[in-house]
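Here is the structure we will look at.
The values are calculated or read from the model by the stated rules, or taken from the named source; none is laboratory data. Remember, predicted model here, so these are calculated numbers, not experimental data. Every residue, glycine as well, gets a Cβ built from its backbone with ideal geometry; the counts of neighbours run over all protein chains shown. With ligands, DNA and RNA removed, areas are computed over all heavy atoms of the protein, side chains included. Shrake-Rupley method; radii C 1.70, N 1.55, O 1.52, S 1.80 Å.
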Amino acid sequence: MTKQSKKTLWAQVVKTGIIKSNLIPMVAGLMLALYTYQYSFTDNIANILLAFAGTAAIIAASGAFNNLYDRDIDALMARTKVRPTVTGTISIKRVAIVAVLLLLIGLGLLYLASPLAAFLGFLGVFFYVIPYTMWTKRHTIWNTEVGSISGAIPPLIGWAAVAPDIWHPACWALFLIMVIWQMPHFYAIAIRKKEDYAAASIPMLPVVKSARRTYIQSNIYLVLLVLSSFLFLPLSLGLTLMSLILGLIWLGLSLFGSRSMTIEVWANKMFLFSLVHMMTIFSTVIIYSSIGLILNAL
């Protein structure tokens, strides 16, 4: 096996795509905390690096634990049956050792940034592995809601790495928006991959109920996402308007676009726009906070 192929296989084990996508909200939470409390970026560079590395490590550990536990159902789905944990290309024992090491290293790095960041990191891994992977994913249509808790922890970790606590409204605005955002995002994936989930008997909403029920529930969460934009209002009118406009566009795409699309095309459009929404929201928060920090330093 070549060095490149080993790297690719381990990337599948730790789910590098999820690591990258979750680091963006973490950085947004961190930068917003620095701006909110008027802390110096350079004075907190050590905590920033620790938060970045620590968060990446615990997310990688979560992905590895998930792959270990889901080997049986992964073998039944076309998109996951070639994962190293299914094919045995990488031994289960080795994956387990790496997962534990990544978890311990990640929590250790986060603890050096702040004990609160480490505690939140532990909660993120716990919710992803136990309530989600080992329980709700296999037994209830509400698995997406449960999984969204762990998916929304990264901005809290970033905030806690530099801030004294996590009770500021701006911090929870990021968390709640991230929780709500995940529902229409993952419902779209569930429709796109419905056959895979059905083959593995995973009770995703469109599998157990219907695509119509999934469509309705997605719109309910999109309305909540639009309303959640006002959580930014005490902090910034600009962020509020940007979030509000993006949410309304997404809701409009869902309500009016569905009239001329099949449910599969609708799901593809919803999935793609969900990525645009997340990237725009959190990138704007990072840019907004960065500019504020620069101006305050002048």
Alpha carbon centre of segment 70-111 versus segment 216-249: separation in Å?
36
Residue-span extension gain [Ile249 to Ile105] - 0.36 nm each, minus C-alpha spacing
47.7 nm
Taking protein heavy atoms only, a 1.4 Å probe, and rounding to whole percent, the accessible area of the chain owed to carbon and sulfur comes out at 71
Relative contact order of segment 135-287, defined on C-alpha pairs under 8 angstrom at six or more residues apart (%):
24
Obtain the nm distance between the two label points defined at Trp167 and Ile220 by a simple spin-label model: each point lies 7 Å from its Cα along the Cα-to-C-beta direction.
3.3
Based on C-alpha coordinates, I'd like the Rg and Dmax of the chain, in Å.
19.5, 59
The ³J(HN,Hα) series, computed from each phi in segment 251-258 with the Karplus coefficients 6.51, -1.76 and 1.60 at θ = phi - 60°, rounded to the nearest Hz and given as x for glycine or proline, is 5, x, 4, 5, 6, 8, x, 5
Debye intensity ratio I(q)/I(0), log10, segment 31-99, q values 0.16, 0.17, 0.20, 0.27 Å⁻¹ (C-alpha model)
-0.64, -0.67, -0.78, -1.14
Using a Gaussian network model of the chain whose springs link C-alpha atoms within less than 10 Å, name the residue from Gln12, Gln182, Gln38 with the highest mean-square fluctuation.
Gln38
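Please work out the FRET efficiency for the pair Leu68 and Glu195, using the Cβ-Cβ distance as r and a Förster radius of 30 Å; give the result to the nearest 0.05.
With R0 = 30 Å, the Cβ-Cβ based efficiency is 0.75.
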Over the Cα atoms of segment 241-298, what Rg and Dmax result, in angstrom?
15.7, 54
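Compute the relative contact order of the chain as a whole-number percentage, counting only Cα pairs closer than 8 Å that sit 6 or more residues apart in sequence.
Value for the chain: 22 percent.
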Dividing the alpha-carbon radius of gyration of segment 39-175 by 2.2 N^0.38 Å, where N counts its residues, gives 1.15
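Taking R0 as 30 Å, what FRET efficiency do you get between Arg213 and Phe126 from their Cβ-Cβ distance, rounded to the nearest 0.05?
Working: r = 30 Å, r/R0 = 0.99.
My answer for the efficiency is 0.50.
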Measure of exposure for Met242: accessible area at 1.4 Å probe, Å² rounded to 10, is 40
